[in-house]
Amino acid sequence: MAAATRTERIIAAAAISVVVAGCGGGGGAGTASVSRAERQTLRSYVARIEPLRLGVNKLLYGAGPLLCGYREQRLSAAAAQRGMRRLERRFAAYEARVAAVQPVPPDLVAAQHAYAHTYVLEDAYLRALTAALPMRDWASLPHFESRQRRAIVAWRAAVALEAARVGVPVPSDLAVAGGGEMAPSPLEDE
């Protein structure tokens, strides 16, 4: 519980700092007082984070057919575990790449750290899911989804605020980040 509280504080601080920075006393100067370097830093950040975000979404969609095949007994537990292990290893590479993204605009550092941590949580979930497959021990799966969703939505808001502050458009699909399924479910209706 203490970790969730700390993460929530980081997210709140990031959102507040972005709002305060965006509302700074420029007397209506708007984006005129924003430097070219600030705009370029945000463009570079988005150019680096967006392919990773989209790639991991695509990767996680691959868990669906594995889990469905296992549920419908078209795949054995061993085959489903092998597939999930491969998926988790590929995910771990994304996890490291998201954590290493540079440059990060100064106003997004806390939000980026919280966002990168969602990948750590997802990786832990994927490892737990892989281990739970043979015995169908779904009760042992960690419940990180609400923490991940809050962090992703706060990150998305922080990016949008920074984009508005510096006058840089961001991809429209960013507006839905955190709105879908957070983790592959072994259960049919989830």
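Annotations
- Sorting the segments 172-180, 130-138 by their residues' average number of neighbouring beta-carbon atoms within 10 angstrom, most packed first, yields 130-138, 172-180.
- Whole-Hz couplings from phi, Karplus 6.51/-1.76/1.60, listed for the stretch 125-137; x for Gly and Pro: 5, 4, 5, 5, 4, 4, 5, 7, 4, x, 9, 6, 8
Since every read-out is calculated from the coordinates, none of them should be taken as a lab result. Everything quoted here is computed from the prediction, not taken from an experiment. Cβ atoms come from the backbone with ideal geometry, glycine included; neighbour counts cover every protein chain shown.
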